[in-house]
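Q: Okay, here's the structure, questions in a sec.
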Amino acid sequence: MHFNINGKDHDLAPAPHITLLRLLRREGFFSVKHGCETGECGVCTVLLDGRPVNACVMNAGQAAGRRIETIEDMGEREGKGWRETGGLHPLQLTFVESGAIQCGYCTPAMILAAGRLLAEVPNPSEAQVRDALSGVLCRCTGYLKPVQAILRAAAVMRGEVDPASGLPLPVDWLLPRTGDEPFPESEAYPGGEDLSTRVRVAPRMVVAPKASDWKRVGKPDPKVDAVKLALGKPAFTDDIDLRGLLHARVLYSPFAHARIVRIDATAARAHPGVAAVLTWEDLPRVVYSTAGQSDPIPGPLDMFSLDRKVRYVGDRVAFVAAETPEIAEEALNLIEVEYEPLPAILDMQAALESKTIIHDEPEYVDFDESNADRNLAAHIHIDIGDVEKGFAEADRIFEHEYAVPKVQQAHIEPHVVITYWDEDDRLVVRTSTQVPFHARRILAPVLDLPIKRIRVVKPRIGGGFGGKQEVMIEDVAAHLTIATGRPVKFEYTRAEEFYASRSRHPMRVRVKTGVKLDGTITANEMYALSDTGAYGCHALTVTGNTGHKAMALYVGDRAYRENPNIRFVADIVYTNTPPSGAFRGYGVPQGFWPVERQMERIARAMDLDPIEFRLKNALREGELQPFSTAWSEGREPSPEIIETCGLEECVAQGRAAIGWDQKYGNPAWRDRPGQPHLKKGIGVAMVMQGTAIPYLDMGGASIKMNDDGSFNLLVGATDLGTGSDTVLAQMAAEVLGVPLDDIIVYSSDTDFTPFDVGAYASSTTYISGAAVVRAAQAVAEQVCERAALMFNQDADAGRPVEPHEVHLEDGRAFAPDGRQVTLSQVGHHSLHHTDQRQIMAVGSFVSPVAPPPFAAQFAEVTVDSETGMVVVDKLVMAVDSGVIVNPLTASGQIEGGMTQALGYAVTEEMLFDEEGRAREQDLRDYHIFHAHEMPALETIFVETFEPSHPFGLKAVAEIPMDGVAPAVANAIMDAVGADLSDAPATPERVWRAMPGRLEVSG
Ligand code: FES
Ligand code: FES
């Protein structure tokens, strides 16, 4: 068949069943991505005769004879040796400069869709841009910056913005200003009329005075990896060709709970094209945990690669490797399995009382208070102060029950791994993981290989959000490589992401609060019943954070502030449902839904101002984090003082930005003229998170100087799209006094990069960043020594220059008398001239504290009182994350996090039928937000300077997950009085909760 791809002719012979996506990737067009199989995510978008189509649902033959366009030929990087290039396309350039790229997995599809729009509509409205993007799902960005990028590109392409002078970011938004100074009014880019979109490339900021003089830290630098992603370069796990690659598929259990009585793979093994079939009878029986956490894993060991028992619909039964995915699927159907079904526990309430034991295997290893005989994966009991005395001193007691659902990370790049033996017979695991070093350690005993014979390579990751903090797929491919000796690829389908992956723990939570008439909280108690599903990965630590963060925020006032009365008790139970695990926020969103709904109920019941009531009782600077005296993820606790808390300023900034004082309690604002069924509402929630795990999370970095004065920065940290590679490079550049493009970042490969726990617990910028600073400081000392040596070689110079007198700035080393050498001269001198040596250093960092970021989250909604339908109109989040290293990437984190949390608030929920089968198995039934459905988003950073970090920063990535759902629910209550206990706020739940609604029978 004849195909025209990017203007070039290709004669190809695709198999009859092959999709256009498979064909294009097979031919090396790796910019066309796989995110689903059913035409819902849009990352496989190509232009067919100029029109966007989903290549995953189109037979390759249908594209024969037609014009196919991918992003591969759309632009080119400048500066490729002696050959001049045309440079990036304006869309690629504005995506890079506007911070529109996070993980970059959806970027080629977005740019293609936008290119098509601009070809037809040179001056599109914001609504048209959002409509054009509506077919491409992005789980990272919240769509705001992509929309801005497209509007800016349109202006460039119309000739209204000079790319040379018009494209740089509006840095006037980032200049230091005090809390009292007004923010500048919106400014449009030339030629634009959509003010709201065009001015928000960078967030509003109240800059910490100490941070204002830095050259790189605090600046909105484009991401160091953005260009390759805008060009659609082959950066991701699956973007390679390997000769002899086999394809893995897994046979999953159709039963929620069953014993495998007999399994016969004879026919499957004999099937032509099948290379291996593995069942539990073939593998060593090694008990382990898939949780990608430090050693010792703070949880029970309860998992086997393959077992003779299955514990949920979707549990593994057998592995197959075959020449094609289709042959592997056929082989699955040839495996004969005889099951003995067992009673299944599908409800967490029933788990503790049930006579059915989910983990009855003798190899089970307890951790702390886990008890397999009671289906108890973990138990927590924390008492701070005297809760009974606190309740006795209260004038009012409030006690309510709440529920939060199971939800899916839904990163657009599915889990994918490729394993192979290298030339030394070391096992290479190329995988989309957040935790390469934990993966290596956990895999070693499971595969019966020493750590030194495993190399884990983490290429670019297409989003993780905690879902890839699990060593869940790597063993499948590795066992099959060991069995066959050949490279094996294993990639989840979108359905597998729902029934065979990990998700957020659902919980039922009871909160009891004692309050004095003046609004002082005297005691606070929470009981959380948490469902870990069939395996106990992250069971203890996720649910521990539910109390550790959410119950720590409100300590009470006056004497209670010094001696708060708090109790947190949790049972984390096994059920026969897919395992829960890590998901951005890590237990804290589950805590703030009940806590912030409870605060709202109390404020309204006692006629207290909801903001003043919260601030009166909230934790403040200089106070003890109450839980730090009692709990540390199953390890020894260590008392910790809150050094910085910008919560009050966050409230002040957020309430001004959303217009709280004009809207709250204002009936004229609440009612819509001519639309009596629509009611507006406004709500608030206050939240705090943590920054890494004290005395545990460790990051390492090494920096090596090259002979042109550039530096290789090697980090074990994993950039999931968060921009961590960029902010780490900014910190190194600040210390070394060089431009950002003189720092070449590589992350991460267990053979080459220093150890790092990986990307979780909001630790990368803080922990790995401090390690980078230490390495950079050590390298800077060596650079200064070398520069001093060079200055002192000058026979005409005056007094000798001491190394500590040398100052690094703008890529140069300065002597006190004004003489200077470039770092290029220093690097060259060190490697090629006198007393040669490699300038190089390693740094590592473990923090004794976990300084919490704080935030005020505001939401504005419109509720249809006839249907219960909620439209979220605006989300404003004011955040104290310490110093913001990069406003562009940090605000992208907040926008994307708020968007994920918006799903938690109103649409996302995983449900199971009476047999334990997942009801949601695709991105149609499981609804994540599209570009055209989004509310207005606004981010404000209120900087504080956290003294435990050299650049004063705290975490930013997880806190946006915490407050959106309760703020939206509080706004719904404000609008129509519906007082929700259970999330998400579906139309039915809202309608049923509305006071005075008409009951409908039947
Ligand atoms: S991969 Fe084609 S729409 Fe998802
Ligand atoms: S940047 Fe869109 S899916 Fe990650």
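The values are calculated or read from the model by the stated rules, or taken from the named source; none is laboratory data. For clarity, every value in this text was computed on a predicted model and none was experimentally measured. Note that we place each Cβ from the backbone using ideal geometry, even for glycine, and neighbour counts take in every protein chain shown.
Q: If you check every pair at least six apart or on different chains, which have Cβ atoms under 7 Å apart with a residue in region 802-815 that is on the phi > 0 side of the Ramachandran plot and of a type outside the set (A, V, I, L, M) first and a residue that is crowded, with 17+ Cβ neighbours inside 10 Å and part of a helix (DSSP H, G or I) second?
A: Short answer, once both residue conditions are applied: Gly811/Asp742; Gly811/Leu823.
Q: Those residues that are more than 20 Å from Tyr586 (Cα to Cα) and β-branched (Val, Ile, Thr), I need them from region 404-423; list them, please.
A: Passing the criteria: Val416, Val417, Ile418, Thr419.
Q: Let me ask you something else. Within the bounds of region 912-933, is there any residue that is under 19 Å from the mean Cα position of the chain (by Cα), more than 16 Å from ligand 1 (Cβ to nearest atom) and of a type in the set (Val, Ile, Thr)?
A: Within region 912-933, not a single residue is under 19 Å from the mean Cα position of the chain (by Cα), more than 16 Å from ligand 1 (Cβ to nearest atom) and of a type in the set (Val, Ile, Thr).
Q: How many of the residues in region 528-573 are part of a strand (DSSP E or B) and within 19 Å of Val687 (Cα to Cα)?
A: The total comes to 5.
Q: Looking at Glu474, Glu423, Glu401, Glu413, can you tell me which residue is buried (at least 24 other Cβ atoms within 10 Å of the Cβ) and either farther than 25 Å from Asp295 by Cα or within 16 Å of ligand 1 (Cβ to nearest atom) (or both)?
A: Checking each option against the conditions leaves just Glu413.
Q: Given the options Ala60, Ala132, name the one that is aliphatic (A, V, I, L, M), within 16 Å of ligand 1 (Cβ to nearest atom) and over 16 Å from Ile5 (Cβ atoms).
A: Selected residue: Ala132, the only one of Ala60, Ala132 that is aliphatic (A, V, I, L, M), within 16 Å of ligand 1 (Cβ to nearest atom) and over 16 Å from Ile5 (Cβ atoms).
Q: Need a quick list: strands (runs of 3 or more DSSP E) entirely within region 695-762 having at least 2 residues that are in contact with a Ser or Thr (Cβ under 6 Å, 6 or more places away or on another chain) and under 17 Å from Val773 (Cβ atoms).
A: 698-705, 711-715
Q: Hey, another quick one. Which is among the acidic types (Asp, Glu) and not in a strand (DSSP E or B), of Glu946, Glu938? Walk me through how you get there before you give the answer.
A: Values: Glu938 fails: not in a strand (DSSP E or B).
Residue meeting the stated conditions: Glu946.
Q: Among the residues that make up region 949-967, is at least one of them of a type in the set (Val, Ile, Thr) and surrounded by fewer than 24 Cβ atoms within 10 Å (Cβ to Cβ)?
A: Taking region 949-967 first, the residues of a type in the set (Val, Ile, Thr) are 956, 959, 964.
Checking which are surrounded by fewer than 24 Cβ atoms within 10 Å (Cβ to Cβ) leaves us with none.
No, there is no match, as no residue in region 949-967 is of a type in the set (Val, Ile, Thr) and surrounded by fewer than 24 Cβ atoms within 10 Å (Cβ to Cβ).
Q: Test each condition in (1) among the polar types (S, T, N, Q); (2) without any contact (Cβ under 8 Å) to a residue 60 or more places away in the chain; (3) assigned to a strand (DSSP E or B) for Thr522 and report the one that comes out false.
A: Unmet for Thr522, out of (1) among the polar types (S, T, N, Q); (2) without any contact (Cβ under 8 Å) to a residue 60 or more places away in the chain; (3) assigned to a strand (DSSP E or B): (2).
Q: Can you confirm whether region 794-805 contains a residue that is buried (at least 21 other Cβ atoms within 10 Å of the Cβ), at pLDDT 95 or above and within 22 Å of Pro950 (Cβ to Cβ)?
A: no
Q: Which strands (runs of 3 or more DSSP E) does region 819-895 wholly contain that include 1 or more residues that are among the small types (Gly, Ala, Ser) and farther than 30 Å from Ala780 by Cβ?
A: On the way: elements: 820-822, 840-846, 854-864, 870-880.
Counting at least 1 such residues, we get 854-864, 870-880.
Q: Oh, and also: Out of all the residues in region 422-472, which are within 16 Å of ligand 2 (Cβ to nearest atom) and in a strand (DSSP E or B)?
A: Listed by number, the list holds a single entry, Arg460.
Q: To continue, here is another question. Would you say Arg584 is in a strand (DSSP E or B) and buried (at least 21 other Cβ atoms within 10 Å of the Cβ)?
A: On the way: in a strand (DSSP E or B): no; buried (at least 21 other Cβ atoms within 10 Å of the Cβ): yes.
Judged against the criteria, Arg584 is not a match.
Q: Right, next: Would you confirm whether any residue within region 31-41 is touching a helix residue (DSSP H, G or I) at 6+ places or on another chain (Cβ under 9 Å) and more than 13 Å from ligand 1 (Cβ to nearest atom)?
A: no
A quick yes/no check of all residues on (1) in a loop (DSSP other than H, G, I, E, B); (2) aliphatic (A, V, I, L, M); (3) touching a residue at least 12 places away in the same chain (Cβ under 8 Å); (4) under 30 Å from Tyr252 (Cα atoms):
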site	(1), (2), (3), (4)
Pro578	yes, no, yes, yes
Glu596	no, no, yes, no
Arg601	no, no, yes, no
Gly622	yes, no, yes, no
Cys645	yes, no, yes, no
Gln653	no, no, yes, no
Gly665	yes, no, no, no
Trp669	no, no, no, no
Gly683	no, no, yes, no
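Q: Can you give me the number of residues within region 18-33 that are within 13 Å of Leu47 (Cα to Cα) and β-branched (Val, Ile, Thr)?
A: The number of residues fulfilling the criteria is 1.
Q: Scan region 89-110 and report the pairs whose first residue is farther than 17 Å from Leu144 by Cβ and whose second residue is within 13 Å of ligand 2 (Cβ to nearest atom) and assigned to a helix (DSSP H, G or I), with Cβ atoms within less than 7 Å and a gap of 6+ or a chain change.
A: Correct list of pairs: Gln92/Ile111; Gln92/Ala230.
Q: Now for a separate question. How many residues does region 1-30 contain that are more than 15 Å from ligand 1 (Cβ to nearest atom), surrounded by 14 or more Cβ atoms within 10 Å (Cβ to Cβ) and either within 27 Å of the chain's Cα centre (by Cα) or in contact (Cβ under 8 Å) with a residue 60 or more places away in the chain (or both)?
A: The number of residues fulfilling the criteria is 4.
Q: Looking only at region 902-933, which residues are away from ligand 2 (no atom under 16 Å from the Cβ) and of a type in the set (A, V, I, L, M)?
A: Ala905, Val906, Met910, Leu911, Ala918 - these are the residues of region 902-933 that are away from ligand 2 (no atom under 16 Å from the Cβ) and of a type in the set (A, V, I, L, M).
Q: Now a separate question. Gln408 passes all but one of (1) more than 16 Å from ligand 1 (Cβ to nearest atom); (2) more than 29 Å from Glu323 (Cβ to Cβ); which number fails?
A: Looking at each condition in turn, Gln408 falls short on (1).
Q: Could you pull out the residue among Gly104, Gly142 that is within 16 Å of ligand 1 (Cβ to nearest atom), touching a helix residue (DSSP H, G or I) at 6+ places or on another chain (Cβ under 7 Å) and on the phi > 0 side of the Ramachandran plot?
A: Answer to the check: Gly104.
Q: Do we have Thr94 as in contact with a helix residue (DSSP H, G or I) (Cβ under 6 Å, 6 or more places away or on another chain), more than 14 Å from ligand 1 (Cβ to nearest atom) and under 21 Å from Arg116 (Cβ atoms) here? Full working, then the answer.
A: Details: in contact with a helix residue (DSSP H, G or I) (Cβ under 6 Å, 6 or more places away or on another chain): yes; more than 14 Å from ligand 1 (Cβ to nearest atom): yes; under 21 Å from Arg116 (Cβ atoms): yes.
Yes; evaluated as a whole, the condition is true for this residue.
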